[in-house]
1. Here is a list: L86, L50, L114, L55. Which entry is of a type in the set (A, V, I, L, M) and at pLDDT below 90?
2. Looking at region 9-24, is at least one residue outside any helix (DSSP H, G or I), modelled with pLDDT of 75 or more and closer than 23 Å to I103 by Cβ?
3. Hey, E84 hits all of (1) under 25 Å from E106 (Cβ atoms); (2) without any contact (Cβ under 8 Å) to a residue 40 or more places away in the chain but one; which does it fall short on?
4. Being within 18 Å of Q91 (Cα to Cα) and exposed (fewer than 14 other Cβ atoms within 10 Å of the Cβ) is the filter here; which residues of region 30-57 pass it?
Amino acid sequence: MKKLKHRGKTYHDIPAQNRSSQLPSRLDILADMEKIFQLAMATGKLSVALRAKELIGKEMGLFLPPSQRAKIKLNELSDEELMEALDEVEQEKVSVAGQQKMIGEENARLQAKLDSQKELYAEKHLQRERENQEFEEKRRKAYGSQENSVLSTC
C-alpha cells in the first residue's frame, strides 16, 4: 500500500487527533493545482497545464455527464444556500477574470516576442540584400575589367 506523505511525514506518523489539521485540505490541493497550472503555462508546458486544469475541473464536477449533474431548483434553496451559491459564482467570476487577464498578458508577451522576431528577420533580410548587391557590384567590376582587358589584347 502506498503511504501518503505530507510535509515529510506519512499519514501514520501523525497522531490521530492531529491528522486532519496537518494533512492538506481540499482547498490546499486545489490551490496547489492552480499554482502548478500557472507555472506550467509560464514555462510552456501545456500538457501539464491542461492536466492541472482537468483535475481542478473534475474536482469541481465540471466534466460529469448531464445525467449525473445535480439539478438544483432555486425556489427550494434556503436564503443561506442561495447566498453561498452566489458567493461561489462571484469567486468563479474572479477566478475566470484572473485567468483571462493572465492569458491576455501571455498573449501580449508572445505577440511582442513575435513582433521582435519579425523585426530581426526583416533587418537580416535587408542586410543580406545589401550584401548581395555589393557582391554583384564587385563581381561586375571584376568581370567587367577582365572583359575590357581581354578586348584590348585582341
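The values are calculated or read from the model by the stated rules, or taken from the named source; none is laboratory data. Here the structure is a predicted model, which is why all the values come from computation and not from measurement. Positions of Cβ are generated from backbone atoms using ideal geometry, with glycine treated the same way; all protein chains shown enter the neighbour counts.
1. The unique qualifying residue is L86.
2. The answer is no; no qualifying residue exists.
3. Of the numbered conditions (1) under 25 Å from E106 (Cβ atoms); (2) without any contact (Cβ under 8 Å) to a residue 40 or more places away in the chain, the odd one out for E84 is (1).
4. Within region 30-57, A31, D32, K35, G57 meet the criteria.
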